[in-house]
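See below for the structure under consideration.
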Amino acid sequence: MNVFFAVILVMISWAHMSLFPQDLRIYVITDLEGSAGVQRWEQTRVQGSAKIEAMSWLTEEVNAAVEGILDASPGAVVDVWDGHGNGGILKDKLHPKAHYMKEEEPRKALIEGAYSAVFFVGQHAMAGTPFAPLAHTYSSRSIAYYRLNGFFVGEFGARAALAGSRGIPVLFVSGDNKTVLEARMWIPGITGVAVKQGRGLERAEHLSRDEACRRIRKGASDACEHRAEIQPLRVDPPYRLEIRYYEPVQTVAGHAGEKIIDSRTIELESLDLANLPI
């Protein structure tokens, strides 16, 4: 009888481990422009009531993603990086089981073995994407495009490649519908949640707050449960990053593998993506 109960306990334990993996560690990259309700530059650039409101919306979406991760893996560790330059998350409103990070940017945090997966919440499309709200690549005011190893790339693709170079898969992205398409171009099986439909650079049709958060929570949970289906994105070194600026530029200070293409375009080369400005 004791052996019988021991076998039952082991089976229950295995089932619990299968349904609720306890060892997930997720790094969440956030940005403000991709949140539902955000469609004007003033909501992301100018400190004031409009930006605070936008930050509250992004924080709600991040919290929904955290809830989804915890639904699938109650013991998961979730680190949330505030990736918007002048702040995109209301730290005091962040989910209590999430860890707020600001200085630990992807180039520092994404080291081999550090995380099980990367999620993107509030992501926008790369510069030049037609009808994509608030589309840009790193700087909306100064950078025309990035091209990595010959391919145009935005913040999603560059950081997904960085994660992949460390053996870390990207499982989830939320933002506008153009962003989701961009993500699926790089990672076909990624779970993507479009919280708004882009209609122009400062125009979109948005889901309600409740619906956006509901879909993000479910998508985040699904992404964890199907994580074995996604492999890390691999871009082979050496890495050549071409950066085109709107205005003439002289140099990127201190970068050893720099090549001047013309007055507005430079190319940087490295064997490690973390050495490039991504």
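With the requirement that a residue be in contact with a strand residue (DSSP E or B) (Cβ under 9 Å, 6 or more places away or on another chain) and either surrounded by fewer than 17 Cβ atoms within 10 Å (Cβ to Cβ) or in a helix (DSSP H, G or I) (or both), what does region 80-100 give you?
Within region 80-100, LYS91, LYS97, HIS99, TYR100 qualify.
Output the number of the condition that ILE261 fails; it satisfies all remaining conditions of (1) more than 29 Å from GLU112 (Cα to Cα); (2) hydrophobic (A, V, I, L, M, F, W, C); (3) surrounded by 13 or more Cβ atoms within 10 Å (Cβ to Cβ); (4) free of Cβ contacts under 8 Å to residues at least 60 places away in the same chain.
Of (1) more than 29 Å from GLU112 (Cα to Cα); (2) hydrophobic (A, V, I, L, M, F, W, C); (3) surrounded by 13 or more Cβ atoms within 10 Å (Cβ to Cβ); (4) free of Cβ contacts under 8 Å to residues at least 60 places away in the same chain, only one is false for ILE261: (3).
Considering only region 25-35, I want to know if a residue exists there that is modelled with pLDDT of 95 or more, among the acidic types (Asp, Glu) and in contact with a Lys or Arg (Cβ under 9 Å, 6 or more places away or on another chain).
No, there is no match, as no residue in region 25-35 is modelled with pLDDT of 95 or more, among the acidic types (Asp, Glu) and in contact with a Lys or Arg (Cβ under 9 Å, 6 or more places away or on another chain).
Residue-wise test of (1) within 26 Å of GLN47 (Cβ to Cβ); (2) among the β-branched types (Val, Ile, Thr); (3) touching an Asp or Glu at 6+ places or on another chain (Cβ under 6 Å).
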position: VAL66; (1), (2), (3): yes, yes, no
position: PRO74; (1), (2), (3): no, no, no
position: GLU105; (1), (2), (3): yes, no, no
position: PHE119; (1), (2), (3): no, no, no
position: ARG141; (1), (2), (3): yes, no, no
position: GLY157; (1), (2), (3): no, no, no
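How many residues, within region 101-146, are surrounded by 15 or more Cβ atoms within 10 Å (Cβ to Cβ) and in contact with a helix residue (DSSP H, G or I) (Cβ under 9 Å, 6 or more places away or on another chain)?
27
I'd like to check something: does region 63-73 contain any residue that is assigned to a loop (DSSP other than H, G, I, E, B), farther than 22 Å from TYR245 by Cα, out of contact with any Gly (no Cβ under 6 Å at 6 or more places or on another chain) and at pLDDT 95 or above?
yes
Could you check VAL170 against (1) surrounded by fewer than 24 Cβ atoms within 10 Å (Cβ to Cβ); (2) under 30 Å from GLU112 (Cβ atoms); (3) aliphatic (A, V, I, L, M) and say which number it fails?
Tallying (1) surrounded by fewer than 24 Cβ atoms within 10 Å (Cβ to Cβ); (2) under 30 Å from GLU112 (Cβ atoms); (3) aliphatic (A, V, I, L, M), VAL170 fails exactly one: (1).
Collect the residues in region 147-193 that are within 16 Å of PRO237 (Cα to Cα) and touching a helix residue (DSSP H, G or I) at 6+ places or on another chain (Cβ under 8 Å), keeping them in residue-number order.
Once the filter is applied, which keeps residues that are within 16 Å of PRO237 (Cα to Cα) and touching a helix residue (DSSP H, G or I) at 6+ places or on another chain (Cβ under 8 Å), region 147-193 yields LEU148, PHE151, VAL153, GLY157, ALA158, ARG159, ALA160, ALA161, LEU162, ALA163, SER165.
Going through region 25-62 one residue at a time, which ones are among the hydroxyl-bearing types (Ser, Thr, Tyr) and either over 16 Å from ASP210 (Cα atoms) or in contact with a Gly (Cβ under 9 Å, 6 or more places away or on another chain) (or both)?
Answer for region 25-62, where residues must be among the hydroxyl-bearing types (Ser, Thr, Tyr) and either over 16 Å from ASP210 (Cα atoms) or in contact with a Gly (Cβ under 9 Å, 6 or more places away or on another chain) (or both): TYR27, THR30, SER35, THR44, SER49, THR59.
Contact list please: Cβ distance under 7 Å, first residue in region 219-237 and under 13 Å from ILE26 (Cα atoms) and in contact (Cβ under 8 Å) with a residue 60 or more places away in the chain, second residue among the polar types (S, T, N, Q) and part of a loop (DSSP other than H, G, I, E, B), pairs at least six apart or on different chains.
Close Cβ pairs (under 7 Å, with a partner that is among the polar types (S, T, N, Q) and part of a loop (DSSP other than H, G, I, E, B)) amount to CYS224/SER73.
Does at least one position in region 207-223 carry a residue that is under 16 Å from the mean Cα position of the chain (by Cα) and of a type in the set (D, E, K, R)?
yes
The values are calculated or read from the model by the stated rules, or taken from the named source; none is laboratory data. Please read all numbers here as calculations on a predicted model, not as lab measurements. Glycine also receives a Cβ, built like all others from the backbone with ideal geometry; neighbour counts cover every protein chain displayed.
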